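Notes to accompany the following structure.
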Amino acid sequence: MSKLGNLGARLYRGEVGYDFIGKRKIWYGVSILITITAIVGLGVRGLNMGIEFEGGAVFTTPKTSVSAQKAEEYATEASGHDAVVQELGSGGLRIQVAGVDTAKSDQIKAELSKDMDIKADDINADLVGPSWGASIANKAWQGLAIFMVLVVIYLAIAFEWRMALAALVALIHDITITVGIYALVGFEVTQGTVIGLLTILGYSLYDTVVVFDSLKEQTKGLEKQTRFTYSEVANRSINSTLVRSINTTVVALLPVGGLLFIGGGFLGAGMLNDISLSLFVGLAAGAYSSIFIATPLVADLKERDPKMKALKKRVLAKRAAAAAKAEEPAVVGHQADGTQSGPTEHDPEDTAPAGAGPRNQPARNRGRGRPSGKRR
């Protein structure tokens, strides 16, 4: 078995583990800091909305020796607006200019034809109205709102309202970070960006539900025992699914990273940048929020329940009593009947923390090899 597989098996059995829940304040602080940075970037720089949302003209040229940087200068000078130029696989260029009408589009086309030494008839010009982009944006927001409502209802029925609330917070966390990264990086927001955002919501929810399902199974009949608190069981649930979460995240990030860094960076595929950046950031944020935000938040909410508070008091009281007995000096003497007395043994489970491994088993056949029967 590989080292990672062996570690996963030990995490699942509770032999080893990391205290995610105990350090939840650190994770909350990190998430708040990242979220504030994303919001500030969004407020200061704003989103670079694509032509699909602002409206404008798109010019497609045949194969040309003019560089994208030079074509961007020509288009900006001809239109008086910032232009976005992307290289196409055919060797041509895709030039986008926002905020122009039909008359202005014809003028820009004529000047591009002269500057780039291309026949005007060979340059394809398409106009995009801002109303179409606004309609797409409104439908995207409506779809997002409906998705959130359905998620909350489903999780409240399948699990409980605390888990539904925690999952909703995690989803909002992922969206905010992804949108903020877009604002800071300055990538153009296109239809691919919207598709990527909606896609990461499903992935983030899947990763969260996996941990919640494990938590639900491990907390059945929790109030009937006095060994573990709810937070400790929640921590064991995270550890038992940790390797699975890491594996699925890495496997998902590898092809998306290829699209972003190879397809978008080296091949100059413009739309690949739009969708791959949202997927890459969203997948990473979704895995992080499932482990460090959603489950610790459930534990926080659950520990406020009176039943869980009473359970925690019983668990801590039992551990304190066991620890006090363990600290008593062992007195070895002779009782009245002549038998020898020794230190009292305690159940090691009384002081076992959450995630501890199986207790040591007593040695088998302890009396093997000793003579039996009467002495001759």
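The values are calculated or read from the model by the stated rules, or taken from the named source; none is laboratory data. Not measured: the values here are computed from a predicted model. Counting neighbours? That spans all protein chains shown, and the Cβs are built from the backbone with ideal geometry, glycine included. Surface areas here come from the heavy atoms of the whole protein model, side chains and all, with no ligands, DNA or RNA. Shrake-Rupley method; radii C 1.70, N 1.55, O 1.52, S 1.80 Å.
Just a few scattered comments:
- Enclosing the Cα atoms of region 269-330 in their convex hull gives a volume equal to 87 cubic angstrom per residue.
- With q set to 0.15 Å⁻¹, the log10 of I(q)/I(0) for region 25-160, from the Debye formula over equal scatterers at the Cα positions, is -0.82.
- Sorted largest first, extent of region 202-250 alpha carbons per principal axis (Å): 38, 18, 12
- Label separation (K318 vs I262): 5.4 nm, computed from points 7 Å beyond Cα along the C-beta direction.
- Relative intensity, log₁₀ I(q)/I(0), of region 139-207 from a Debye sum that treats every alpha carbon as a point, q = 0.24 Å⁻¹: -1.09
- With protein chains left intact and a 1.4 Å probe, residues in region 16-142 average 58 Å² of accessible area per residue.
- Ligands, DNA and RNA left out, the 1.4 Å accessible surface of region 199-309 is 67% carbon and sulfur atoms.
- A compact globular protein would have a Cα radius of gyration near 2.2 N^0.38 Å; the ratio found for region 162-264 is 1.36.
- With 5 Å bins beginning at zero, the pair-distance distribution over Cα atoms of region 23-89 amounts to 3, 12, 15, 15, 12, 9, 9, 8, 7, 5, 3, 1 %.
- Accessible-area composition of region 105-185, carbon plus sulfur, in percent [1.4 Å probe]: 64 percent
- Cα-derived Rg over Rh, computed across region 102-162 with Rh taken as Kirkwood radius: 1.48
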